[in-house]
Ligand SMILES: [Zn+2]
């Protein structure tokens, strides 16, 4: 391992509802290595100019001096990748990022084109499928059909008023973003990662140890028994299953990447045919439940990265929910690494199910009073877009936010007003 960096500056961009973080590892006064983690948005607060995404892209260009070393796209949701979209005239925000010539793009294993339903590839893909577990092709097919379902749900008419808001929002964030996906696939070398795999970032970040904690492969998932997932202590609410709307989602939560869902009393394997059929026939609440479940499934493909320099640790879990976390949290070596996290990017914009309590309990740098090493938390979020207070599913979840404030130094993008659209935090190593 080469000479280690002496600091990292984490720039949190205000993308409304979405994520965008730039980590700049400082090696010497003139040498920095830049890693961009996500760049997407599905909504901005009122009054934010349309040019904001471009302002951010230009700011990334300026901050990196025209050279980005790596991009991490945690998962395929629009609020994490829309900024990578290109335009015909080459004037898209994704064109700016591409011009920074990253050497590597890190994505979850589920994005590997060799695994897709259309994979005609050589034996390599079959070997991979074997390695990742049975059902891999169907799983990838179901994920790509998510986009079709999102389209269908947005086009659905005669929906009850109370469902339109959430369905519209979930539909929007799940809608296909082909130019962003293609840009990520072609702008650099690709690294498709899973729990325990190499990230590919090691070579470009001397002195930084990087652990991939998620997502697990289906094979890894199959080793997890149905434990903890029904444990109400893991979530930042009470009895959400008591509310009729939440019940199906709760059921789906009993397995990672649920392969079966229940509808009208029948169990269905989630596959292409099933989805297309249901997207055409179901309406209203059922549609919302299916969209919600697949939305969670996509979140659970999030890459979870732990950066370590010396004794300092920075944790970036994307939108990983508890089902994604389960595999890593079940292993002693990861548990002990996680106890000493210094900076935590709050999972899934502060939603109730993305900071498992068993993870939160591990963080020993939490404290109610100020200490030298007090846990730092960064949260990118926007109230009023996702979930509802009445069902205790609002994002960010107020109960979690209170706990974050009580036990850590919390920065949330909602603190940024007016023309300010980013915030820097420096971690010294
Ligand atoms: Zn998100």
Here D for region 1-158, in µm²/s, from Stokes-Einstein with a Kirkwood Rh over Cα pairs at 20 °C and 1.002 mPa s, works out to 120 µm²/s
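I'd like to compare 4-10, 372-378: which one has the highest average count of other Cβ atoms within 10 Å, and what's the full order after that?
Details: 4-10: 18.9, 372-378: 17.1.
Highest-to-lowest ranking by the protection proxy: 4-10, 372-378.
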Sorted largest first, the C-alpha extents of region 327-378 along its principal axes in whole angstrom are 32, 26, 14
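Considering all alpha-carbon pairs of region 288-345, what whole percent are spaced by more than 13 angstrom?
Taking all Cα-Cα pairs of region 288-345, the fraction more than 13 Å apart is 64 percent.
When you count, for each residue, the other Cβ atoms within 10 Å and take the mean per peptide, how do 147-153, 296-302 rank with the highest first?
296-302, 147-153
Of the peptides 28-35, 285-292, how do they stack up when ordered by the mean number of other Cβ atoms within 10 Å, highest first?
285-292, 28-35
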Region 72-114 and region 125-203 have their Cα centres apart by a whole-number Å value of 13 Å
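Against the globular-protein guess of 2.2 N^0.38 Å, express the Cα radius of gyration of region 4-97 as a ratio, rounded to two decimals. Kindly include the intermediate steps, with their values, before the conclusion.
Working: Rg = 13.5 Å, N = 94, 2.2 N^0.38 = 12.4 Å.
Normalised Rg, Cα atoms only: 1.09.
Evaluate region 42-106: find the radius of gyration of its Cα atoms, find its Kirkwood radius, and give the ratio Rg to Rh.
Checking Rg against Rh, the ratio lands at 0.97.
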Rounded to the angstrom and largest first, Cα extents along the principal axes for region 145-223 equal 56, 35, 20
Cα-Cα pairs in region 291-396 separated by more than 19 Å, as a whole percent of all pairs, come to 45 percent
Once both label points are put 7 Å beyond Cα along the C-beta direction, the residue 50-residue 91 separation in nm becomes 1.2 nm
Scattering profile of region 388-429 from the Debye formula, Cα beads only, expressed as log10 I(q)/I(0) at q = 0.16, 0.34 Å⁻¹, is -0.61, -1.09
With the convex hull built on the alpha-carbon atoms of region 348-414, volume per residue in Å³ sits at 78 Å³
Extension length gain for residue 7 and residue 428 (0.36 nm per residue less Cα distance), in nm, is 151.1 nm
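Each reported figure results from applying straightforward, stated rules to the coordinates on display, with no laboratory input. All values derive from a computational prediction rather than experimental measurement. Using ideal geometry, Cβ is built from the backbone for each residue, glycine included, and neighbour counts are taken over all protein chains shown.
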